[in-house]
Amino acid sequence: MNEHVQTAKIEPPLFNPLAPEFIRDPYPSYERLRTTDPMHVTPFGMFLASRHAEASLVLRDKRFGKDYVERSIRRYGPKIMEEPVFRSMSHWMLQQDPPDHTRLRGLVVKAFTARRVEDMIICDMLGIPAEHREVFYTSSRNGGRLLDPVPLTRAEIDEANTGNIAAKMYFQQLFELRRRNPGDDLTTQLVHAEEDGSKLSNEELTANIILLFGAGHETTVNLIGNGLLALHRNPDQLALLKANPALITNAIEEFLRYDSSVQLTGRVALEDIDDLGGKKIPKGESVLCLLGSANHDPAVYPDRPERLDITRPNVKPLSFGGGIHFCLGAQLARIEAEIAISTLLRRLPDLRLDDAENPEWRPTFVLRGLKHLPASWG
Ligand code: HEM
């Protein structure tokens, strides 16, 4: 055997998002990608935009879109759209291109008024009665895997279908309730739009309410968890925030940047692209925008991006995306996180995390968050 081969240092793959080391800390991989191959092509043939410049451009450029149905068929075969969960996701505004995206987002934005965002949290807004909430919080925590760009197994599709069918049954009942008993909530407004017939189909209504609930819950829970972990791993920043509670607003932006609860989102090239960061992207190919990597790009954050600095000026993280799909719930998420973290610090000033060094992460990587975060006080 060739001695060279035996002694050669084995380089880790540039991007291995299912590896436990990656789940624990993806930032060293991101740095390798940005510095050695910023438009890396994965073994699945996807382009990884790891620098801020390309990730941000792809989100805003009309030559890229979601192409959800075609993309799913290319990945799983022509029968995939018969699976309930894929059919449902195909109606999410998150997965649609104009003009359907424009119509659906317009309807939801109208119902998502500033006052509702200021006064309510997500269940009030959707009109989910208090006694149903516990079930929902639990079930919405299991959807993260659907977003990972690693194909789902048959068993995972079956499990997701079961959850999807149960959620659809639940929401059909809620729609009936809101038809009979209208409330000051988003569901009531969208049910009216559906009754009008021309604006929104029943399938679209159900799918987008499921999206709002899923997108609005786990992401924000993870922002709060990741933010608390970051603070406790950086006691100087924790002390600074306790001494200056008014820093909370900027601190939330920095938590979003430092360890985003959404790590990536994808687009498909709708035409041949000649040059993106030095690569040609043929029509139909996918580009994954690594938001977490863009948020640590020294080209945009010259002052030590790997450091948590709750006083960092102009944070403007890419965590809520950009362009026409920019997160609809950004303001709600910021308010929820601000209230949760500042209340916790005020009420439990001696809160300690039991294991800030090695906490248990959820195994998904598009949605980044902790499985649990045991803490003590008193
Ligand atoms: C920290 C919390 C959150 C983060 C990091 C986050 C992140 C994102 C990102 C990155 C996108 C764009 C995806 C893309 O471009 O493909 C997005 C879209 C979206 N988000 Fe959020 N989100 C959060 C909270 C919320 C909340 C609280 C809600 C709703 C109540 C919500 C609802 C949505 C919806 C409906 C879209 C799709 C918008 C569209 O396609 O036009 N998100 N979010």
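The values are calculated or read from the model by the stated rules, or taken from the named source; none is laboratory data. The shown structure was predicted, so the numbers you read here are calculated from the model rather than taken from an experiment. Note that we place each Cβ from the backbone using ideal geometry, even for glycine, and neighbour counts take in every protein chain shown.
State yes or no: is GLU203 in contact (Cβ under 8 Å) with a residue 60 or more places away in the chain, over 25 Å from SER319 (Cα atoms), outside any loop (DSSP other than H, G, I, E, B) and not hydroxyl-bearing (Ser, Thr, Tyr)?
Working: in contact (Cβ under 8 Å) with a residue 60 or more places away in the chain: yes; over 25 Å from SER319 (Cα atoms): yes; outside any loop (DSSP other than H, G, I, E, B): yes; not hydroxyl-bearing (Ser, Thr, Tyr): yes.
When the stated conditions are applied, GLU203 passes them.
Residues in segment 324-343: is at least one away from the ligand (no atom under 16 Å from the Cβ) and part of a loop (DSSP other than H, G, I, E, B)?
no
Consider segment 74-90. How many of its residues are of a type in the set (Gly, Ala, Ser) and surrounded by 17 or more Cβ atoms within 10 Å (Cβ to Cβ)? So that I can check it myself, show each step before the final result.
Step one: filter segment 74-90 for residues of a type in the set (Gly, Ala, Ser), giving 77, 88, 90.
Those left that are additionally surrounded by 17 or more Cβ atoms within 10 Å (Cβ to Cβ): 88, 90.
Residues in segment 74-90 being of a type in the set (Gly, Ala, Ser) and surrounded by 17 or more Cβ atoms within 10 Å (Cβ to Cβ): 2 in total.
Among the helices (runs of 4 or more DSSP H) confined wholly to segment 103-186, which include 1 or more residues that are at pLDDT 90 or above? First the steps, then the outcome.
Details: elements: 114-119, 122-126, 133-140, 154-180.
Those helices (runs of 4 or more DSSP H) span 154-180.
Could you tell me which of the residues ARG352, ARG347 is free of Cβ contacts under 8 Å to residues at least 24 places away in the same chain, of a type outside the set (Asp, Glu) and more than 16 Å from the ligand (Cβ to nearest atom)? Show your work before the answer.
Values: ARG352 fails: free of Cβ contacts under 8 Å to residues at least 24 places away in the same chain.
Exactly one residue qualifies, and that residue is ARG347.
Looking at GLY106 and the list (1) more than 13 Å from the ligand (Cβ to nearest atom); (2) over 19 Å from the mean Cα position of the chain (by Cα), which single condition is not satisfied?
Result: GLY106 passes all but (1).
Do we find a residue being more than 30 Å from ARG75 (Cα to Cα), touching a strand residue (DSSP E or B) at 6+ places or on another chain (Cβ under 8 Å) and away from the ligand (no atom under 16 Å from the Cβ) anywhere in segment 237-256?
Here is the first cut: in segment 237-256, the residues more than 30 Å from ARG75 (Cα to Cα) are 237-256.
Next, only the ones that are touching a strand residue (DSSP E or B) at 6+ places or on another chain (Cβ under 8 Å) stay: none.
There is no residue in segment 237-256 that is more than 30 Å from ARG75 (Cα to Cα), touching a strand residue (DSSP E or B) at 6+ places or on another chain (Cβ under 8 Å) and away from the ligand (no atom under 16 Å from the Cβ).
Can you name every residue in segment 354-378 that is of a type in the set (S, T, N, Q) and closer than 13 Å to LEU147 by Cβ?
Initially, segment 354-378 is screened for residues of a type in the set (S, T, N, Q), giving 358, 364, 376.
Once the filter is applied, which keeps residues that are of a type in the set (S, T, N, Q) and closer than 13 Å to LEU147 by Cβ, segment 354-378 yields only THR364.
Could we say that ILE310 is within 19 Å of GLU336 (Cα to Cα) and either among the β-branched types (Val, Ile, Thr) or surrounded by fewer than 16 Cβ atoms within 10 Å (Cβ to Cβ) (or both) here?
Values: within 19 Å of GLU336 (Cα to Cα): yes; either among the β-branched types (Val, Ile, Thr) or surrounded by fewer than 16 Cβ atoms within 10 Å (Cβ to Cβ) (or both): yes.
Judged against the criteria, ILE310 is a match.
Output the residue which, of all residues in segment 257-288 that are farther than 19 Å from SER72 by Cβ and in contact with a helix residue (DSSP H, G or I) (Cβ under 8 Å, 6 or more places away or on another chain), is surrounded by the most Cβ atoms within 10 Å (Cβ to Cβ).
Of everything passing the filter in segment 257-288, TYR258 is surrounded by the most Cβ atoms within 10 Å (Cβ to Cβ).
For segment 41-73, give me each residue that is crowded, with 20+ Cβ neighbours inside 10 Å and under 11 Å from LEU14 (Cα atoms).
Result: LEU48, single match.
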